[in-house]
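Rule-based calculations on the coordinates, nothing more; no lab input. Remember, it's a predicted structure, so these values are computed and weren't measured experimentally. Every residue, glycine among them, receives a Cβ derived from its backbone with ideal geometry; neighbour counts consider all protein chains shown.
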Amino acid sequence: MRVLGFESSCDETGVALVELPAPGETGVPRLLAQALHSQISMHQAYGGVVPELASRDHIRRVLPLSREVLSQAQLGLQDIDVIAYTEGPGLAGALLVGAGVAVSLAAALGKPAVGVHHLEGHLLSPFLSADPPEFPFVALLVSGGHTQLMRVDEVGQYEILGETIDDAAGEAFDKSAKLLGLPYPGGPHLSKLAEQGRADAFELPRPLLHSGKPDFSFAGLKTAVLTQLKKLGEAPTETQRADLAASTQAAIVEVLVKKSLMALKDTGLKRLVVAGGVGANASLRAQLNAACAKRGVRVHYPELSLCTDNGAMIAMAAAMRLQRGMARLSHAGGFGVRPR
Ligand code: KG4
Ligand code: ZN
């Protein structure tokens, strides 16, 4: 069985094809082909995603990307069994493009469509890696819109252990980066600038670090970064900017690492899965790897290219649900989107 998946919740148009193991065989579904178009350069001039531009660009890209995927796999539409799409959360207009194309295609082919929760896509994306995790595990989901720690016992069995009470970790990266005059999306740019800076140069808050619960709060961090920037005056030097970037990254990473360790300790689990865009951060990976190695915990990440939004994770999440007989299959009628 082959699943064609569409992702269009924000500023990436992703299409991918995943194949389930043959009936009677076990194992993880296999990625056959994928194509992705990032709209980042289009939104950069505005300092963030412009929803209307995002929707229009998804419309332009989605069919050429679909053709590319089928051609990579040397397959035709008749070889697809199920069409999956991101149902939400995300930008309403952007979601409608992927959902509209997926459901229309499914109806035209007489095949079922499956709506996928975007965060479940991120959460299951490490199963696309060469070394997939085993259940159960603790998941640290760190994206532009969400920051959550979860206990994951199986597909669909998720217990939220803690989450952010305000900004997400990716948002903290992006907002601080914007204050530092870096382009959108700020996370990777701030991380690059931080390589040249000293992480202990500025004292920045670690909100809720000692709350005793695996919860997060990042809204105060950008205010602290702004306060430090104001103190530096009109034209901070390159070194000062790099120091502030490194200190900001250190504050975010320290909280993410400490809270992940707390969740691991509380659940007694020895496996951690990190997913979402911030999971691409090199400093977070290095510190989690070091802390987890000391405690005998295995850490799993998605491939770097699959940390941010993509179609493969959506096709994969649908395939893993199908494999377990849990997908909500619908023929045309059951078409929905769940905006943020
Ligand atoms: O998962 P994602 O693509 O989109 C959402 O579902 O939100 O995550 C995007 C977020 C952005 O905030 C971006 O700045 C952040 O992930 N990000 C990073 C890095 N790469 C992406 N943050 C820190 N370091 C990175 N290397
Ligand atoms: Zn995402």
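Pop the C-beta distance of K231 and K270 into the FRET formula with R0 = 41 Å and round what comes out to the nearest 0.05. Could you put the intermediate results ahead of the total?
On the way: r = 44 Å, r/R0 = 1.07.
After rounding to 0.05, the efficiency reads 0.40.
Computed over the Cα atoms, what is the radius of gyration of the range 121-207 divided by 2.2 N^0.38 Å, N being its residue count?
Numbers: Rg = 15.8 Å, N = 87, 2.2 N^0.38 = 12.0 Å.
That works out to 1.32 for the range 121-207.
Relative to the longest principal axis of the chain, what angle (0 to 90°, nearest 10) does the C-alpha long axis of helix 238-267 take?
Once rounded, one gets 60 degrees.
Based on Cα coordinates alone, diagonalise the gyration tensor for the range 208-340, multiply each eigenvalue by 5, take square roots, and list the semi-axes in whole Å, largest first. Display every interim value, and only then the final one.
Numbers: eigenvalues 244, 96, 46 Å².
Ellipsoid semi-axes (Å, largest first): 35, 22, 15.
Looking only at the chain, where both bridge partners belong to it, what percent of the DSSP beta bridges are antiparallel (to the nearest 5)? Don't skip to the end; give the middle numbers.
Working: 28 of 45 bridges.
Restricted to the chain, the bridges split so that about 60 percent are antiparallel.
I need to check one value: relative contact order of the chain, counting alpha carbon pairs closer than 8 Å and at least 6 residues apart, in percent. The partial results should precede the final answer.
Numbers: 764 pairs, mean separation 84.8, N = 340.
Once normalised by length, the contact order is 25 percent.
What length, rounded to one decimal in nm, is gained on full extension from I165 through to R295, with 0.36 nm per residue of separation minus their alpha-carbon distance? Can you show the working numbers first?
Values: separation 130, 0.36 × 130 = 46.80 nm, distance 2.81 nm.
Taking I165 through R295 to full extension adds about 44.0 nm, to one decimal.
When the chain is fully extended, how far beyond the present Cα-Cα distance does A286 get from I40, taking 0.36 nm per residue of separation?
Details: separation 246, 0.36 × 246 = 88.56 nm, distance 2.64 nm.
The span from A286 to I40 would gain 85.9 nm if fully extended.
Calculate, in nm to one decimal, what A92 and A130 gain on full extension: separation in residues at 0.36 nm each, minus their alpha carbon distance. Walk me through the numbers before you get to the answer.
Details: separation 38, 0.36 × 38 = 13.68 nm, distance 3.37 nm.
Additional length available on full extension: 10.3 nm.
More than 37 Å apart: what percent of Cα pairs in the chain qualify? Mind dumping the intermediate values first?
Numbers: 10809 of 57630 pairs.
When every Cα pair of the chain is considered, 19 percent fall beyond 37 Å.
Ranked highest first by average number of other Cβ atoms within 10 Å, how do 215-225, 84-94, 251-261 line up? Present the calculation step by step, with values, prior to reporting the outcome.
Values: 215-225: 20.0, 84-94: 24.3, 251-261: 22.2.
Packing order, densest peptide first, comes out as 84-94, 251-261, 215-225.
Please provide three numbers in whole Å: the alpha-carbon extents of the range 183-223 along the principal axes, with the largest listed first.
33, 24, 18
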